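Report on the structure given below.
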Amino acid sequence: MDELVKKIMESYQAYPQTCNIGTQNRLNRDEIIDILLKIRCIVFPGFFEVKNLNRDSIAYHTGELLEDIRYRLRKQVAKALAHSENPETMSIEEARDRAEKIVAAFLERIPALREILATDVQAAYDGDPAAYNTDEVIFSYPGVFAISVNRIAHELHVMGVPLIPRIMTEYAHNLTGIDIHPGAVIGSYFFIDHGTGVVVGETTEIGKHVKIYQGVTLGALSTRGGQSLRQVKRHPTLEDNVTVYSGASILGGQTVIGEGATIGSNAFITSSVPQGTRVSIKNPELQFKGRVRMAELGQEGFWTNE
């Protein structure tokens, strides 16, 4: 056992990038996720609390939640800032002061978050005939969950908070199979139907009233440049009223899908599409082998192709 411990210690020294030992600024992932879920309780009051809420106590309940979020999020943001910055350029005190301002500005954005998320809920209900009411959409739709988490994380991302937004969106990715980078800019009335396998890259721009289905990738043409591509527009732009059906891939930072365009299933797009255009893959030829009753094909008799 002593020899094994020694080897592991040597591994810690050889690969310090996979260790987080001795730091005073270690983020608590579980704490961040719990804060996220409490923010969702404010955004969607009455849906995810254990106890029923009533109008006489809702203001007190909301204030209590806000104080808890403010206190705990401020600590995590300060740790994230101090962890990511060079200690010589940002002291713990400076990180705390900056975190205080960021969290205050973030909490001020909650009414605006509720406003845009209301449009997403409405888009999901309007766009899916299987939805019986908006409560069903909020409670159970993975697309709405992933979008709500992304919009919360995006606010922190644009305020310059490192690490925490990605922890939030990867939590949603893990639960839903929907991977939306917090840097993506997404307009109102956004709907992801079904959702599994959707990927939305960091520099993606999405307009209003956009609908995408499962398995859609809004990605980069190539990432071989690695870190040299940071801050470069690598992912596509979808203008207003675009629909993208399942399995389609739209790639490249210069690719713009024009307003009102429709991209069919399994299409592979690497160049811009004019507004109002319908793009589809030609239907493959079907082959039937064996003895098939023609009634199954809407005709009489039998069809044989050995």
Cβ contacts < 7 Å: first residue within 18 Å of His83 (Cα to Cα), restricted to segment 1-20; second residue surrounded by 10 or more Cβ atoms within 10 Å (Cβ to Cβ), any location; separation 6+ or different chain. Result? Cys19/Tyr12; Asn20/Arg26
Note on segment 40-94: residues among the charged types (D, E, K, R) and over 17 Å from Asp30 (Cα atoms) are Glu49, Lys51, Arg55, Asp56, Glu64, Glu67, Glu85, Glu88, Glu93, Glu94
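Looking at Asp120, Asp126, can you tell me which residue is in a helix (DSSP H, G or I) and open to solvent by 40 Å² or more (accessible area, probe 1.4 Å)? Outline the logic, then answer.
On the way: Asp120 fails: open to solvent by 40 Å² or more (accessible area, probe 1.4 Å).
Asp126 is the lone residue from the list that is in a helix (DSSP H, G or I) and open to solvent by 40 Å² or more (accessible area, probe 1.4 Å).
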Candidates Gln76, Gln13, filtered to the one that is open to solvent by 60 Å² or more (accessible area, probe 1.4 Å), on the phi < 0 side of the Ramachandran plot and not aliphatic (A, V, I, L, M): Gln13
So Ile58 clears everything in (1) at pLDDT below 95; (2) within 23 Å of Asn150 (Cβ to Cβ); (3) not aromatic (Phe, Trp, Tyr) except one condition, right? Which one? (2)
Out of all the residues in segment 249-284, which are open to solvent by 70 Å² or more (accessible area, probe 1.4 Å) and within 16 Å of Thr203 (Cβ to Cβ)? Gln254
Between a first residue in segment 78-105 that is more than 14 Å from Gly160 (Cα to Cα) and at pLDDT below 95 and a second residue that is of a type in the set (Phe, Trp, Tyr) and open to solvent by less than 30 Å² (accessible area, probe 1.4 Å), which pairs have beta carbons less than 8 Å apart while being 6 or more apart in sequence or on different chains? none
Restrict the check to segment 54-75 and report whether at least one residue is in contact with a helix residue (DSSP H, G or I) (Cβ under 9 Å, 6 or more places away or on another chain), closer than 16 Å to Pro162 by Cβ and among the hydroxyl-bearing types (Ser, Thr, Tyr). no
Give segment 98-140 a look and list any residue that's within 20 Å of Ala153 (Cβ to Cβ) and in contact with a strand residue (DSSP E or B) (Cβ under 6 Å, 6 or more places away or on another chain), or say none. Ala123, Ala124
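Could you tell me how many of the residues in segment 17-69 are in a helix (DSSP H, G or I) and hydrophobic (A, V, I, L, M, F, W, C)? Even if it seems obvious, please write down each step before you answer.
Here is the first cut: in segment 17-69, the ones in a helix (DSSP H, G or I) are 17-18, 29-43, 58-69.
With hydrophobic (A, V, I, L, M, F, W, C) added as a condition, the list becomes 32-33, 35-37, 39, 41-43, 58-59, 65-66, 69.
So the answer is 14.
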Exactly one of (1) farther than 22 Å from Arg151 by Cβ; (2) open to solvent by 40 Å² or more (accessible area, probe 1.4 Å) is unmet by Asn25. Its number? (2)
Tell me, yes or no, whether segment 259-277 has at least one residue that is modelled with pLDDT under 95 and more than 24 Å from Gly127 (Cα to Cα). no
Just to verify a result, which residue in segment 236-265, among those that are in contact (Cβ under 8 Å) with a residue 40 or more places away in the chain and farther than 19 Å from Gly143 by Cβ, is farthest from the chain's Cα centre (by Cα)? Glu259
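The values are calculated or read from the model by the stated rules, or taken from the named source; none is laboratory data. In this text the structure is predicted, and so the values were computed from the model without any measurement. Note that we place each Cβ from the backbone using ideal geometry, even for glycine, and neighbour counts take in every protein chain shown. Surface areas here come from the heavy atoms of the whole protein model, side chains and all, with no ligands, DNA or RNA. Shrake-Rupley method; radii C 1.70, N 1.55, O 1.52, S 1.80 Å.
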